[in-house]
Amino acid sequence: MTAIAIRDELARWPASLKIGATFFLLIVVTGLFAPWLTPYDPYTQDLAGFLQPPSWRHPFGTDHVGRDVLTRVLHGIRIDLQIGFITTYVPMTYGLLLGALSGYLGGWFDTLMMRLLDVAVAFPFLVLIIVIIAILGPGVHTIYIAVFLLAWTMYARLARAEMLVERGKDYVLAARTLGYPTSRVVFRHAMPNVINSSIVFSMADFVLNILLVSSLSFLGLGVPPPLPEWGAMVAEGRDFIFDAWWISTLPGLAIVVTGASLSLIGDGLAHRLGQRQRSFL
Amino acid sequence: MALLEVRGLCTEFRTPDAVIPANAGVSFNLDAGRTLGIVGESGSGKSVLCRALLGLIQSPPGFVTAGEIVFDGRDLRHLDETTLRRVRGTAIAMIFQNPMSGLNPVWPVGDQISEGLRVHRGLSPSAARARGIAMMRQVGIPSPEVRYDEYPHQWSGGMLQRAMIAMAMACEPKLLLADEPTTALDVTIQDQILALLVELQERTGMAMILVSHDMAVIAETSDHVAVMYAGRMVEVAPTAAAFRTPRHPYTLGLLQSIPRAAGDGRLTPIPGQPPNLARLGDGCPFADRCAVASPECRTRPVALREIDPGHWTACHFPERLAGLQA
Amino acid sequence: MTQPLDGDAALVIDDLVVEYGAPRGLVDLALGRTRRRVRAVDGVSLVVRRNETVGLVGESGCGKTTLGRAIVRIVEPTSGAISLDGENLLTLGSDELRAMRRRVQMVFQDPYSSLNPRMSVERTLAEVLRFHRIRPAAGVGDRVAELLSLVGLAPELAGRRPRALSGGQRQRVGLARALALEPTFLVLDEPVAALDVSIQAQILNLLRDLRDRLGLTMLFIAHELSVIRHMSHRVAVMYLGRVVEVGTAAEVFDHPAHPYTQGLVRAIPRLTPERRHRKPVIQGEVPSPLNIPPGCRFHTRCPKAQDICRRIAPPDVALSPSHRAECHFPGP
């Protein structure tokens, strides 16, 4: 891609996409450089300096064991974005594949997939996750397993619906008359025209997944302490909310800002990709 | 006096990248009880014209920037929205290309036909129903008493177009705008619908503007023809004159592009593509595709002028066409 | 027009039936209902001779598109046979099927959806050549350029995506893609229906040139009679899944024998600028293919229908060696 092509592409971005992408990029960079941005360690306790309100030394204050909240929030970027990314894009990959195949092939495979999807949707998502965690025990890996088992269904649904439209289009029929094998028709020809809605949805899903992990941590089912996960930090500050509002509020704000930037990207992408505006949140 | 007089109508669409003049100075007259056929290819501005006449241009991005639309002595462009709506419902009606999207899928068809009578004429529900059924019978919908309560999805395309016509005719309009009314229909159904339109017009004495891309549809139904190209009218003439002695090279090109029944050998297409409306020069918009153009055609602006009584052309050199005609 | 009326058969369709199953819901399954089947093509036999163009005409839902798609095997026929150069296309294994694809190609109606919106013209064509190894890798670029010039496209359009092309240009790309495999038989499904008249004429001229230059045999599907007449040596008229009349273009259009063909021909608007005062010949609408009328399937709309037409399916009557019609009372 030449510089001109990149400039042209950027010129077509709607404002929401530009703003969202800028914020998100800032968050990612901050996460990468977290260890060098503050002089503190996210785990070292300083029992002498606990529950200090925001000040120049501690812009976000300190928590009940004297850890610098800003440091922990910045390190939390690494944890939350990583978990959000994995829980979104791993299931998306096979969800798309299964959904696209199901829509294209139809027949018994499609029937089977549809029943599976119905079952997965019939249960409340969070309850099902909690059940799985209850069986396997809390921890990041359990969350991954639980989400991997369930989260692909939405992508499969989207991809299947889009594929049902695409497979009747003449370019797909043309690819078949040209003698291409099914895998090539589905993945090389139809797939790129099927994924747009999933990409847009994945932005919303990313936010929801961060919130999910935070909620689970808040309930004590997610990331074990002392890891500086945002939801866990909100939970830890719960007992001190009237004396030291900053312990819960500022990590909560981090979730909000990240969520907002991803939502803006999602809206902007929907616009750019010419999708119908969808608001999932 | 003409029922409809359009003078210098300009409509443009503004996009972030460009301003597209979809209608550039369109003028014509239509007498009561007459049919004007507007013919042109996609992008020629014929559908935009229909919508502009009724004040139905989506704005933004579309804007009617200049011109007069004098209907029955009043300039429609200067009416307030309420009055305009009344004119639209009662004096001017329109039917569209796709009858399926013209009807609300969750309402019985009959109610939609008689809705105008209740809104504009203040008819009671039972009177409106009786009149609606009468209308359905008039447009050839079989067993209207039963079909009155059916929904659009239960009807075929041809029947829906009849319903659209019944809806348009319910308030006895003075002018009917038909935008590609038969394009989506099969040829035997098109035949039925065209026969119906001609018959209704002769019986009610309304005027009609019939828009089509199909020269033959226009030939059979219209008293006058207006040929549109690149947002303007390039030829306006009585139908017989336009088809027998076209005086604009585009009209001639269209006629020669059509495969004739006994046609053998090659067709004579118009070379090239229609121009990009956002990048039109000062000269004749057809110059690049024209077989008889001179260099000055590309620079000298061209306007409609009357070269025979009632026969108008927007060509600098209509006399050059004589050599091209078979 | 030269009329290659004799000569060997290239494509032979024999008693072809294509049924679509209406989808069965859970309730139907539970009640043990069988699928409701729609017969889109109901026993069609048709021969296309080498270097001949046969026009297939009919209204929407008559089965002409399904028939075309069955020939290129993107819909599976229920019964019957289709053979090309003596080889039954319906019994081919997957390797033979791939080889067959090279000989039979299709051009689609809608130039806006028949090209992959994500692929440039060059990639679309190069993919065909590479996948089928039509040319050694080094020769692909040259062949793409050749194909573009064959269909009258400027070489600088090669890098464009379909979005940046006009309808006529897209249809030329669709044609180049079909020709890339060097087929002998081309199915054209409404190739000009979506195009404006002036562009349509350009494409029709191109098709006739290519047919003569490459010696193509064609099945030309269209609903517009003037286009069919212009392109075809022989014409087959379809109604509700059956070919009701077949003959040379002159026979079918100038002396139609089936009342449906007669009605179709008379229903076409004429270019003569005279106000129409004729009654529509064919009344009513095409019945649903789920509910095909007994006897002659056209009797519900036929001006000539007698009692026998409602009861007994009409015979296939030969009116001349090349002209046949399925009607109890064929002729003017």
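No value in this document is a laboratory result; all are computed from the given coordinates. Keep in mind the model is a prediction, meaning the values are calculated, not measured. Cβ: placed from backbone, ideal geometry, glycine included. Neighbour counts: every protein chain shown.
If the cut-off is a Cα-Cα distance under 16 Å, which lysines reach residue C:279, setting aside same-chain residues fewer than 8 apart in sequence?
C:304
Taking 35 Å as R0, compute the FRET efficiency from the Cβ-Cβ separation of residue A:243 and residue A:32 and round it to 0.05.
Working: r = 34 Å, r/R0 = 0.96.
So, using R0 = 35 Å, E works out to roughly 0.55.
So, with +1 on the Cβ of K and R and -1 on the Cβ of D and E, and no other charges, what is the size of the charge dipole of the stretch A:79-280 about its Cα centre, to the nearest 20 debye?
So the dipole magnitude of the stretch A:79-280 works out to roughly 920 debye.
Mind checking which of B:8, A:248, B:130 is farthest towards the positive end of the protein assembly as shown's charge dipole, using Cβ charges of +1 (Lys, Arg) and -1 (Asp, Glu) about the Cα centre?
Of B:8, A:248, B:130, it is B:130.
In chain C, which cysteines lack any other cysteine Cβ under 4.7 Å from their own?
C:62, C:302, C:327
Step by step: find N for the protein assembly as shown, compute 2.2 N^0.38 Å, then divide the Cα radius of gyration by it. What's the final number?
Working: Rg = 33.4 Å, N = 939, 2.2 N^0.38 = 29.7 Å.
My calculation over the Cα atoms of the protein assembly as shown gives 1.13.
If R₀ is 45 angstrom, what is the calculated FRET efficiency for the pair residue A:47 and residue A:18, using the beta carbon separation as r and rounding to 0.05?
That gives a FRET efficiency of 0.50.
For chain A, just run the numbers: alpha carbon Rg, then divide by 2.2 N^0.38 Å, N being how many residues it has. Numbers along the way, then the final one.
Working: Rg = 22.0 Å, N = 281, 2.2 N^0.38 = 18.7 Å.
Relative to the 2.2 N^0.38 Å estimate, chain A comes out at 1.17.
Taking R0 as 60 Å, what's the FRET efficiency between residue C:288 and residue A:149 from their Cβ-Cβ distance, rounded to 0.05?
With a Förster radius of 60 Å, E is 0.85.
With a/c under 1.5 counting as rounded, go ahead and sort the stretch C:228-292 into rounded, prolate or oblate using the C-alpha gyration tensor (a ≥ b ≥ c being the square roots of the eigenvalues; past the cut-off, prolate if a/b is larger than b/c, else oblate).
oblate
Between helix B:109-121 and chain B, what is the angle of the helix's C-alpha long axis to the longest principal axis, kept within 0 to 90° and rounded to the nearest 10?
That works out to roughly 90 degrees.
For residue C:275 and residue C:95 in one chain, what is 0.36 nm times their gap in residues minus the Cα-Cα distance, to one decimal in nm? It would help to have the intermediate numbers written out before the result.
On the way: separation 180, 0.36 × 180 = 64.80 nm, distance 5.85 nm.
Taking residue C:275 through residue C:95 to full extension adds about 59.0 nm, to one decimal.
Over the whole of C:73-81, what's the average partner chain Cβ count within 10 Å per residue? Rounded to a whole number, please.
Mean inter-chain Cβ contacts per residue within 10 Å come to 1.
In whole Å, how far is the Cα centre of the stretch C:196-241 from that of the stretch B:270-286?
29
Using Cβ counts within 10 Å as a stand-in for footprinting exposure, how do A:169, C:304 rank, fewest first?
Exposure proxy ranking, most exposed first: C:304, A:169.
May I ask for the angle, rounded to the nearest 10°, between helix A:196-218 and the longest principal axis of chain A, with both axes built from Cα atoms and the value confined to 0 to 90°?
Rounded to the nearest ten degrees, it is 30.
Shape call for the stretch B:233-326 from the C-alpha gyration tensor, a ≥ b ≥ c root eigenvalues: rounded (a/c under 1.5), prolate (a/b greater than b/c) or oblate? Kindly include the intermediate steps, with their values, before the conclusion.
Details: a/c = 1.93, a/b = 1.23, b/c = 1.57.
Cα axes put the stretch B:233-326 in the oblate bin.
Among C:136, C:293, C:162, determine the one that fluctuates most according to a GNM of chain C built with springs between C-alpha atoms less than 10 Å apart.
Of C:136, C:293, C:162, the most mobile in the Gaussian network model is C:136.
Of B:306, A:162, how do they rank once you tally other Cβ atoms within 10 Å and put the fewest first?
Fewest-to-most Cβ neighbours within 10 Å comes out as B:306, A:162.
For chain B, take the longest principal axis of its alpha carbons; what is the angle in degrees between that and the long axis of helix B:157-169, to the nearest 10 within 0 to 90?
80
Which distance in nm do the two modelled labels at residue B:145 and residue A:128 give, with both placed 7 Å along the Cα-to-Cβ direction?
5.5
What's the percent breakdown of Cα-Cα distances in chain C across 10 Å bins, shortest bin first?
Once binned at 10 Å, the Cα pair distances of chain C give 5, 23, 31, 24, 12, 4, 0.
Between B:68, B:145, B:296, where does the largest GNM mean-square fluctuation fall for chain B, given springs only between Cα atoms within less than 10 Å?
Highest fluctuation of the listed residues: B:296.
Give me a single rounded figure for C:106-118: the average over its residues of other chain Cβ atoms within 10 Å of their Cβ.
5
Can you tell me how the stretch B:72-125 classifies by the Cα gyration tensor, rounded, prolate or oblate, using a/c under 1.5 as the rounded cut?
oblate
Can you give me the distance in nm between label points at residue B:203 and residue B:266, each placed 7 Å from the Cα along the Cα-to-Cβ direction?
Label-label distance for residue B:203 and residue B:266, simple model: 5.0 nm.
In whole Å, what is the distance between the alpha-carbon centres of the stretch A:185-233 and the stretch C:122-148?
With the stretch A:185-233 and the stretch C:122-148 each reduced to a Cα centre, they are spaced 42 Å.
For the stretch B:10-46 and the stretch C:53-81, what is the separation of their C-alpha centers, rounded to whole Å?
The distance from the Cα centre of the stretch B:10-46 to that of the stretch C:53-81 comes to 40 Å.
Among all the lysines, which ones have a C-alpha under 24 Å from residue B:174's C-alpha, if same-chain residues fewer than 8 places away are not counted?
B:46
Which helices of chain C meet both criteria: a Cα extent of 24 Å or more along the helical axis and a mean Kyte-Doolittle score no lower than -1.0, with helices taken as whole DSSP H segments?
Counting only whole DSSP H runs, the qualifying helices are C:197-214.
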